[in-house]
Amino acid sequence: MSEEQMAHEMNRRQQRFLAALVSCPTVRDAARSAGVNEATGWRYLSDPALKRALAERQTAVLAHASRRLP
């Protein structure tokens, strides 16, 4: 599924939460950064579209980091 299709399946708050998850160490921190309640963040994580998008972003981040290793 493309990034654009996933964006259509998620609302703006979910998209902000997803972006925060990539850079924040905890769900609590990501929720705070995205302006949602921590319980809402955990509920978002049960959404299959958000899970797929998170997995794809994490894979992309790891791939980018590994390419930068000597």
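The values are calculated or read from the model by the stated rules, or taken from the named source; none is laboratory data. Just so it is clear, the model here is predicted, and its values are computed rather than measured. Glycine also receives a Cβ, built like all others from the backbone with ideal geometry; neighbour counts cover every protein chain displayed. When the accessible area is computed, the model is the full protein with side chains, heavy atoms only, and any ligands, DNA or RNA have been set aside. Shrake-Rupley method; radii C 1.70, N 1.55, O 1.52, S 1.80 Å.
Only a single criterion out of (1) at pLDDT 95 or above; (2) within 20 Å of residue 9 (Cα to Cα); (3) in a helix (DSSP H, G or I); (4) open to solvent by 30 Å² or more (accessible area, probe 1.4 Å) is not satisfied by residue 28, namely (2).
Answer yes if at least one residue in segment 1-10 is modelled with pLDDT of 90 or more and open to solvent by 90 Å² or more (accessible area, probe 1.4 Å), and no otherwise.
Step one: filter segment 1-10 for residues modelled with pLDDT of 90 or more, giving none.
No, segment 1-10 has no match at all.
Within the bounds of segment 34-53, is there any residue that is modelled with pLDDT of 95 or more, surrounded by 15 or more Cβ atoms within 10 Å (Cβ to Cβ) and among the charged types (D, E, K, R)? No, segment 34-53 has no match at all.
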